Structure formats: C-alpha cells, structure tokens
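Please read the structure below before turning to the comments.
Only the coordinates and a few stated rules stand behind these numbers; no lab work does. Remember, predicted model here, so these are calculated numbers, not experimental data. Here the Cβ is made from the backbone with ideal geometry for all residues, glycine too, and neighbour counts use every protein chain on show.
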Amino acid sequence: MVDTKTKQYQREHYLKNKDEISARKKERYRADPNYRKSAQKRALERYHASREGKQRGKRGYNHPKVAHVDGQDVIVHSVKAFADQANRNVQTIRSWEEKGVIPSPTFTDARNRRWYSDAHIERVVRAVSKFKATGALSLDVLRKLVEREFK
C-alpha cells in the first residue's frame, strides 16, 4: 500500500515532469505496436464503462431506493435509471411528463426528485418499444400506447 507521503511525491514529480512523461508515452505509442494496442484496448474499456454508468466517480442517482407506501416497501428508481432503461435521456422523460405523454412519477421525495416503481418503468418501456416498432413520430401515438399499458 502506498502511503500519503509517497503519493504526494509522485504527484509533485508528475506535475514537474509531465511534458517529458507525455512525450515519452507518445513516442512509445508510435514505436511499439503492442503498447499501442493495449492503450487502445484500455481506452475502449473506459469508454464502454462510462457508457454503462460504471465509471468510478460518476455522479447521479442511478441506485434504487426503498419507499414506504401503505405499510409496504416499494423499490423505486430515479429518473436517470428510468431514462437509461427506456434508452432516452432525462430531458426527454421530463418533457414527456410535462406534455402528459407519460404519467407523472410514482413518488417524489422531499427534494422533489422523481422516483418510479418497477411496474411504472416497465409499462412505459413496453409502450416506447411498441412506438419504435410502429415507426410513428407523433407523441399522440405514444400517449395512446402508454394509456393502453396503464389500463
């Protein structure tokens, strides 16, 4: 395990010599095909990890939460998790809510954050997949499909 003093030294050394270190890495990248291949593989892994939301340090409310409703525990998910499952972005989900295309969230907390039950998400995701299959572009068509799912 590296102690704090060593980490501080390494950081200072890097900051002092980063141009030289960078130049050496670039030269090795150009000259060594194995190094280049491994660097490209690491970059691709980081890219895919970031797309999956698994990159370390990524912020957001992607973790489920337990809500207590009528004496029962219900697992709910954030608008970000909902958007990920529907393959849409958060702004699209919020826009659909404002326009009445999809029902309002199952729950909101004290900070007015949106929380959706599994059933709510599944119904909307089913409607969205049917919407994509029809090839329609009108939100009215999506609204009707969502209404059918929630009946």
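Annotation: for a label point projected 7 angstrom from Cα along Cα→Cβ of ALA39, residues of segment 11-31 with backbone N closer than 20 Å are 14-31.
Cβ crowding within 10 Å ranks PHE150, PHE131, PHE107 as PHE150, PHE107, PHE131, fewest other Cβ atoms first.
Hydrodynamic estimate: the Kirkwood radius of segment 94-133 over Cα pairs, inserted into Stokes-Einstein at 20 °C and 1.002 mPa s, corresponds to D of 195 µm²/s. Nearest 10 degrees is fine. How inclined is helix 139-149 to the longest principal axis of the chain, computing both from alpha carbons? Taking Cα atoms only, the helix is inclined about 70 degrees.
In the chain, Rg over Rh equals 1.20, where Rg is the alpha-carbon radius of gyration and Rh the Kirkwood radius from pairwise Cα distances. Helical content alone sets the calculated 222 nm signal of the chain at -20000 deg cm²/dmol, taking -39,500 (n - 2.57) per DSSP H segment of four or more residues and averaging over every residue. Considering only ASP32, ASP109, ASP73, give the residue with the highest GNM mean-square fluctuation for the chain, with springs between Cα atoms whenever their separation is below 10 Å. In this elastic network of the chain, the residue with the biggest mean-square fluctuation among ASP32, ASP109, ASP73 is ASP32. If you run the Gaussian network model on the chain, springs between alpha carbon atoms under 10 Å, then out of VAL76, VAL124, VAL141 the most flexible one is VAL141.
Go ahead and set up a Gaussian network model of the chain, Cα springs under 10 Å, then flag whichever of PRO33, PRO64, PRO105 fluctuates most. Largest GNM mean-square fluctuation: PRO33. Going by alpha carbons, how many degrees (0 to 90, nearest 10) lie between the helix axis of 33-51 and the longest principal axis of the chain? Roughly 30 degrees between the two axes.
Once you wrap a convex hull around the alpha carbon atoms of segment 4-51, what is its projected area averaged over all directions, in nm²?
The orientation-averaged projected area of the Cα hull of segment 4-51 comes to 4.6 nm².
The slack between ASN89 and ARG28, meaning 0.36 nm per residue of separation minus the straight C-alpha distance, is 18.0 nm.
Charged side chains reduced to their Cβ positions (Lys and Arg at +1, Asp and Glu at -1) give the chain a dipole of some 880 debye around its Cα centre. Applying 0.36 nm per residue to the separation of GLU12 and HIS68 and subtracting their alpha-carbon distance, the gain on full extension is 15.1 nm.
If you plug the beta carbon distance of PHE150 and GLU52 into 1/(1 + (r/R0)^6) with R0 = 30 Å, you get a FRET efficiency near 0.55.
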